[in-house]
Amino acid sequence: MDLLTAPFEVDRRRRATPVVGALCVVGALMLGGVAGGQWLERQGGLGRELGLAVEGAAVHGGFIAQGLIITLAGRSAGAAIAVRMAGALLAAFLLGHLAPWGSLAFLLIPPLLVHECRGHPTLRRIGFLAPARPASLLVGFAVGTFLGGHLLITSSLTFGYAISVVTVAGYLSAVAYDVGANALSAEFLFRGALFSHWWRHWGFWGAAAVSTALTLVRYLLDPALPEAPEARAGAIVYLAALALGAAMLRAWSGSLVPGYLASVAFFAAYRALVVW
Amino acid sequence: MVTAALGVLLAITAAMAWQGVVPISPLRHLYLVPVAWAALRGGARAGGLLGLMAAFFQMPLVLPAIERAGLTGAAVEGLVSLALPPAVGVLAGLLRDESRARARRLEALIEIERCLAREAPLPLRLDAAAAVVCRGLNATQVGLLVGTSAEMPALGSAPPGATLTPGSAVAWSLSTGRSVRSPDLATDGRFTLAGSPAPAPRRGLILPMDAGAGPVGALALEWRGEVAAGTDAAAAEIALHLALGIENARLTLRQRRFAEELEDKVAAATRRLREIDQAKSEFLSVVSHELRTPLTALEGFAELLLTRAVPPERAARFLRHIHVEARRLGRIVAELLDLSRLEVGVAPDLKREPLELAAHVERQLELFAGVHPAHRFSWKAEGALPALRADRDALDRVLQNLLSNAVKYSPRGGEVRVAARAAADGLVELRVEDEGVGIPTTELPRIFDKYVRIANQETTSVRGLGLGLSLVRALVEAHGGRIDVESAPGKGSVFRVILPA
């Protein structure tokens, strides 16, 4: 029991770490990457593909980098991991844009992240570890499947959207993107670094509310989200439920994996929805 | 529970879909039944989850109808019916959680009081109370420390392997009487923790236990993960009750100890009374014997003188015997009179006059040496002795009693040493030392009591009433002095009399 045994100094405060500065630098790099990607996009041809890849790598690599900075408190090892992950994401995006099955390269990103982070026990603090209860994996998958299935049924019944896999390659590429970039970076940053940090200071509901709100902002700013008002309203409902569910899973299981599985399952269903 | 409730929700949804009159199907109200049931059984989490599921189950039926008909009254009603189950689930669940928490807190308080009032050593009672606190507050670990000094090991209950370390947060709280709150021990800069960080926050709370008369200890609590709202207030309430319980336990303990001491004292007094009673009985028997002996002698010699023609020299001897026995009888009567005075608390009547102690001692020694030729007597005045202001007879009786005892309890040929010296503060110290059988240490406190005669095989033949030393003390104290004794079996005795000059 640490209250009885651990040394305690009432006047000592944790040393401020240069986290905010590092986050600003990463934010600037993300914006720079997006701007550079858009410029490349406008060049057309191969530049367009390269630009999209740079944009994607900047955003998702930036999310992972921010998560690492918050968790590792600005340690240089985090920067090295972030650079390597951004490089791997850039390669996956490029492959995805250049080859029909190239997006499957995204499937290598999660094991790569695990490999890169294996020497950092501090990451256990954000739930970057296997869940103590294996059943939580099933629960996570069930939550994502329920929300995804519900989305398909409701939107097809309400708006008449079709449920269809146009091409298997396209569908699997989208799912691979969710596995290796979309769900991974969102869970790592919003549930991992941010929710875990705020949970320690504000309690569950405060942390869940703010991390869910930031998740919604991230997806509402995503140019890939359909612009139809009903689609945006639906996105708010489902993504809020998904983010809240992932926060609950993170708190219950102590791990990011169940929430990540829920996101992957949800987006796997979403990718089968044809919104026009 | 959740599976059954989900089944009911699905059945209602299926019935509504089959009925086809959504969004204002009267069946929608049925959603509230499993939701309320789940809320009452499982609290806000279960109620909210079931309510959310009810809303999600209705969506595919309500939303298409709204999309087709627009935002009509029925559509608004349908939207309300979407929002109602989660709201009811959460609110009913919160109420249930709150009432359950209150009930649990009340149960915990009663159980804590019961634990602390148990017939068991205090550490065991604290262990039991700590277990109740742990359950009542859903804590991971509980430490219950009694005492207020951080340097001293405090009595209490702690998880296995955990002991109070100086410099820890609990030690700080014990010494300052202040509380400590930490939302997460792992990231709290005030703590220096070893080991890898945990994925969930570890909340810490230390509350001084104070019932109003100052802290009696500290209650330390650790939680892993989420802590229910109102837990801090509940912990404060429990800490207060613990303080009251510990104070009560201490008072009970003190009262019990006091009662035990009182019982011991009453038993000792009863034992003493029995001894005195027995001593009085023995005293009566001794007095009868002591009076009868000289009376018999007086009677016998007087009868001889009256009834027979005794030659003058024999008659003179008989008369000397009669005289000795009459004096002995007189001494016994005088002692009995003094005793009766002492019994009623009247101090001996003293006629103080200036006296030379040395002259008195020398005269008494001369008399004793004449009567007891088998014993050796010595006298030593250590330096110049100041004159005493004392009662002549009383001083003689003090000396006679002490010398008589020294002779009676010494073997033949034993030496009786008397010494005197001027002590500090204008006092005079008189010592009477013998080489007798001595007095056991356990009997020394009783030696000056009335009727006390120390049982000893070597002195069974020694006659006496057990009043001599008691009278000596009364006479010495009446002069404003004091008397004490040093003795050991086989080593003789030293009686020391201190008298004011």
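Observations
- Angle of helix B:73-116 to the longest C-alpha principal axis of chain B, folded into 0 to 90 degrees and rounded to 10: 10°.
- When A:Met248, B:Met209 are sorted by how many other C-beta atoms sit within 10 angstrom of their C-beta, beginning with the fewest, the order is A:Met248, B:Met209.
- One Cα centroid belongs to segment A:1-69, the other to segment B:235-271; the line between them spans 65 Å.
- Neighbourhood charge, 15 Å Cβ-Cβ cut-off, centred on B:Ala92 and excluding it, Lys, Arg +1 and Asp, Glu -1: +2
- Most mobile listed residue (A:Phe266, A:Phe146, A:Phe128) in chain A, GNM with C-alpha springs under 10 Å: A:Phe146
- Footprinting exposure proxy for B:Thr441, B:Thr231, B:Thr187, B:Thr176 (fewest neighbouring C-beta atoms within 10 Å first): B:Thr441, B:Thr176, B:Thr187, B:Thr231
- Put simply, segment A:125-191 fits an ellipsoid with semi-axes of 27, 17, 11 Å; these come from the alpha carbon gyration tensor as the roots of five times its eigenvalues, largest first.
- Partners of B:Lys491 within straight-line reach, counting lysines whose Cα lies under 18 Å from its Cα and excluding those fewer than 8 residues away in the same chain: B:Lys408.
- Exposure proxy shown here: for B:Ile112, B:Ile498, the number of other Cβ atoms within 10 Å sets the order, fewest to most, as B:Ile498, B:Ile112.
- Using alpha-carbon coordinates, inclination of helix B:357-371 to the longest axis of chain B, degrees: 70 degrees
- Look at where the Cα atoms of segment A:191-266 and of segment B:93-113 average out, and the two centres are 33 Å apart.
- Each Lys or Arg adds one and each Asp or Glu takes one away; over the other residues whose Cβ falls under 12 Å from the Cβ of A:Ala246, this sums to +1.
- C-alpha long axis of helix B:231-307 to longest principal axis of chain B, angle in °: 20 degrees
Coordinate-derived values only; no laboratory data. Every value quoted in this text rests on a predicted model; they were computed, and no experiment measured them. Positions of Cβ are generated from backbone atoms using ideal geometry, with glycine treated the same way; all protein chains shown enter the neighbour counts.
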